[in-house]
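Just so it is clear, none of the values below were taken in a lab; they were calculated from the coordinates. Values in this document were obtained by computation on a predicted structure and should not be read as measured data. Quick reminder, even Gly has a Cβ in these numbers, built from the backbone with ideal geometry, and neighbours come from all protein chains shown.
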């Protein structure tokens, strides 16, 4: 089989790494990269932190420097939208009417911020955060002394809350669940995050939802389910992501809240692959089918999809790795902690630096903690090597993890 | 090469075996590595995310950035894995009288 043209739909981190990898692997054919933004591929983590606050310029987020991107000799189509896949004819149609023939198609279409459907959800001053334009628009509204209401106590919400608080805003976070980041961390870490934010003066309302937003004499007003009103000037809605899988679904590809792929990143059509936030696959570390919305997965699955498209055997099963920066805390998570795991704590959980290990029998399957990057890096090795460990040694800060 | 090109960076026994340290040499932030007794030197700031490599993870001849886990070969600064794509500058090293000397020429 000769592959002459590879088309990548989606110019984000996964798409950018796919393009980079095709060239790094020596592919000499035509590479078309279709992005719906004006920007070449960039990393999204700074959008809720340094770029949002204005401390870093958007240029710092790009995957490649301009000359390195040019050197890839990719046909880059910014501000372009793919509208349909003809999987039989192997053609991709664009909104401007052009049809592109492909040998392999890599879908890196990512996701979009979920919006609220409550009254007032579209009022000026109500923001979501997904791309550089969103960050510029929200960033301009982060003004000392003004009031920010964050709807959703997940990662985006908490990071924006921290950035806004550091800017001197009054910040309230409203979360519908009974604790912060309920979907992704155990209760002890939710408590830790709550304490962290409250100690920095963020107001947190748990088990509360916003029923309506309205314009008020002085800014905006949010009505909670219990009838209380919260006044604010700006609202950030951080209630999750919707996978952009419409293109794939319309083409008849198997989808389940995203494009279903195997560990070789192949969809139900052998010539169409998917990677990044839009891809659903069976993670062996999680033991279930899932999307992995993370910086790491966007990069690693983008790389894996490109190699797979070129006929290389890949097995995309990275140990999930996630981090978040809030105030003076860098929290990292390796693996997928679950309620059935035995928990071992190293260090003081009431302090700002400790590690929680999650054990399945005699080996560590997940680890997390604030301000412990180095210990966690050793924990990663324990997890990946399935090293047999003694819980007492893990908990003993006098025992170097490097020696286990 | 004249001796004046070599700059004293650190005592040799200040670079523990199979470890990395950060040193300031004439205003430059430098990482010194000791791989099984051989000393190597590179710039200390990662070419990707502005983290300090001396706080990273040295495994064999590869230093892993503590921020995003990009890797460089400490012998020549070559980028070894994503997200780093740009080499980090490496420097010639010589050991004399128990001291580590670098050449910035």
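Per residue of B:77-84, other chain Cβ atoms within 10 Å of the residue Cβ number 3 on average. Overall shape: prolate for chain B, with the ratio a/c of the largest to smallest alpha carbon gyration tensor axis at 1.5 or above and a/b above b/c. For chain B, averaging the sequence separation of C-alpha pairs within contact (under 8 Å, six or more residues apart) and dividing by the residue count gives a relative contact order of 26 percent. Computed extension length for residue A:363-residue A:393: 9.6 nm, one decimal, from 0.36 nm per residue of separation with the Cα-Cα distance subtracted. Shape of region A:1-150 from its Cα gyration tensor (a ≥ b ≥ c, root eigenvalues): rounded if a/c is under 1.5, otherwise prolate when a/b > b/c, or oblate? Oblate shape, in that a/c is at least 1.5 and b/c is the bigger or equal ratio. Relative contact order of region A:328-403: 31 percent, from C-alpha pairs under 8 Å at least 6 residues apart in sequence.
Note on region A:1-67 and region A:158-183: Cα centroid distance 30 Å, given to the nearest whole angstrom. Between residue B:81 and residue A:284, the simple spin-label model (points 7 angstrom out along Cα→Cβ) gives 1.6 nm. When shorter helices are ignored and each DSSP H run of at least 4 residues is given -39500 (n - 2.57), the per-residue value for the protein assembly as shown at 222 nm works out to -5000 deg cm²/dmol.
Within region A:378-404, name every residue whose backbone N is under 17 Å away from a label modeled 7 Å from Cα of residue A:350 along the Cβ vector. What the label zone holds, given the 17 Å backbone N cut-off, is no residue at all.
Once Rg and the Kirkwood radius are both taken over the C-alpha atoms of region A:115-237, their ratio Rg/Rh works out to 0.94.
Each of A:341, A:57 has some number of other Cβ atoms within 10 Å of its Cβ, and from fewest to most they run A:57, A:341. The Cα center of region B:43-63 and the Cα center of region A:191-257 differ in position by 38 Å. Residues A:310, A:107, arranged from fewest to most other Cβ atoms within 10 angstrom of their Cβ, appear as A:310, A:107. The ranking of A:282, B:68, A:39 from fewest to most other beta carbons within 10 Å of each one's beta carbon is A:282, A:39, B:68. Here residue A:3 and residue A:72 are evaluated by their C-beta separation; at R0 = 22 Å the FRET efficiency comes out at 0.85. Dividing the mean sequence gap of close Cα pairs (under 8 Å, 6+ apart) by how many residues chain A holds gives a relative contact order of 14 percent. Each listed q (0.08, 0.09, 0.10 Å⁻¹) maps to a log10 I(q)/I(0) for chain A from the Debye sum over equal C-alpha point scatterers, namely -0.47, -0.60, -0.73.
Highest-first packing order for the peptide set A:395-404, B:38-47, A:130-139 is B:38-47, A:130-139, A:395-404, based on the mean count of other beta carbon atoms within 10 Å.
How far is it, in nm, from the label point at residue B:12 to the one at residue A:28 when both lie 7 Å from their Cα along the line to the Cβ? So the label points at residue B:12 and residue A:28 sit 5.0 nm apart. Rounded if a/c is under 1.5, else prolate if a/b is larger than b/c, else oblate: which is region A:336-384, with a ≥ b ≥ c the root eigenvalues of its Cα gyration tensor? Since a/c reaches 1.5 but b/c is at least a/b, the shape of region A:336-384 is classed as oblate.
Modelled spin labels at residue B:38 and residue A:338, positioned 7 Å past Cα toward Cβ, are 4.4 nm from each other.
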